[in-house]
């Protein structure tokens, strides 16, 4: 499939975490003089027809001009962010973690194509035998299921992926170094990334 126009999915940055290991809002950390969230936003705005940020601290993101959503079930992880995004989106949701700023567009297009062709409830990537819930595509068809799981505090994304028989797509050939799956969890990660480059965290 050739992508000559924007993808009819809603790109969502999940920025609602507590950043407990960083002790600060890691989405606003800077690499090469750009905030992590801005690195992601630049790419998402080029690709998706609709873009949201989901956060429990909306005041930090008003400057972006992107619509900001707050969790209906605060501090319950990515599932809560995907849930509120699906409630407000025009399309199925392609969800991204704000601390994973190097997702390759080739993977975004490839997963989007697979999702469109198969129309599965969830489409996620596998890299080196590991399944990654983010970045991943989540269908509006699972909205009620997410609501029930959140009410029961059953928050495991991997369990959800298994239960709905998600489409799992191997992407190793599109990102041999695994840069798309680097996440910045600690100050040490940021230091290594700044001093030694992306490959050192892959």
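Look at residue 191 and say whether it is over 18 Å from residue 99 (Cα atoms) and not in a loop (DSSP other than H, G, I, E, B). If you could, list the steps in order and put the result at the bottom.
Values: over 18 Å from residue 99 (Cα atoms): no; not in a loop (DSSP other than H, G, I, E, B): yes.
Spelling it out, it is not the case that residue 191 is over 18 Å from residue 99 (Cα atoms) and not in a loop (DSSP other than H, G, I, E, B).
Looking only at segment 28-45, filter to residues that are in a helix (DSSP H, G or I) and without any contact (Cβ under 8 Å) to a residue 40 or more places away in the chain; which one of those is farthest from residue 104 (Cα to Cα)?
Looking at the filtered set, the residue picked out is 28.
Hey, which of the helices (runs of 4 or more DSSP H) in segment 75-162, taking only ones fully inside, have at least 3 residues that are free of Cβ contacts under 8 Å to residues at least 12 places away in the same chain and in contact with a strand residue (DSSP E or B) (Cβ under 6 Å, 6 or more places away or on another chain)?
Hits in segment 75-162: none.
Hey, does segment 23-34 have a residue that's modelled with pLDDT of 90 or more and in contact with a strand residue (DSSP E or B) (Cβ under 7 Å, 6 or more places away or on another chain)?
No, because not a single residue in segment 23-34 is modelled with pLDDT of 90 or more and in contact with a strand residue (DSSP E or B) (Cβ under 7 Å, 6 or more places away or on another chain).
From the residues in segment 178-188 that are touching a helix residue (DSSP H, G or I) at 6+ places or on another chain (Cβ under 6 Å) and in a loop (DSSP other than H, G, I, E, B), which one is modelled with the highest pLDDT? Steps first, please.
Step one: filter segment 178-188 for residues touching a helix residue (DSSP H, G or I) at 6+ places or on another chain (Cβ under 6 Å), giving 179-180, 182, 184.
Subsequent filtering for residues that are in a loop (DSSP other than H, G, I, E, B) retains 182, 184.
On the way: 182: 88, 184: 84.
The qualifying residue modelled with the highest pLDDT is 182.
Are any residues in segment 93-109 under 19 Å from residue 8 (Cα atoms) and surrounded by 19 or more Cβ atoms within 10 Å (Cβ to Cβ), and if so, which ones?
93, 94, 95, 96, 103, 107, 108
Quick check on this structure: which one of 126, 90 is closer than 25 Å to residue 186 by Cα, at pLDDT 95 or above and surrounded by fewer than 23 Cβ atoms within 10 Å (Cβ to Cβ)?
Exactly one of 126, 90 is closer than 25 Å to residue 186 by Cα, at pLDDT 95 or above and surrounded by fewer than 23 Cβ atoms within 10 Å (Cβ to Cβ), namely 126.
Does residue 180 satisfy the condition of being within 21 Å of residue 47 (Cα to Cα) and under 19 Å from the mean Cα position of the chain (by Cα)?
yes
Based on this model, can you work out whether residue 130 counts as within 19 Å of the chain's Cα centre (by Cα) and farther than 26 Å from residue 73 by Cα? Lay out the reasoning, then the answer.
Working: within 19 Å of the chain's Cα centre (by Cα): yes; farther than 26 Å from residue 73 by Cα: yes.
Yes, satisfied.
The values are calculated or read from the model by the stated rules, or taken from the named source; none is laboratory data. As the structure is a prediction and not an experimental result, all values here were calculated from the model. Every residue, glycine as well, gets a Cβ built from its backbone with ideal geometry; the counts of neighbours run over all protein chains shown.
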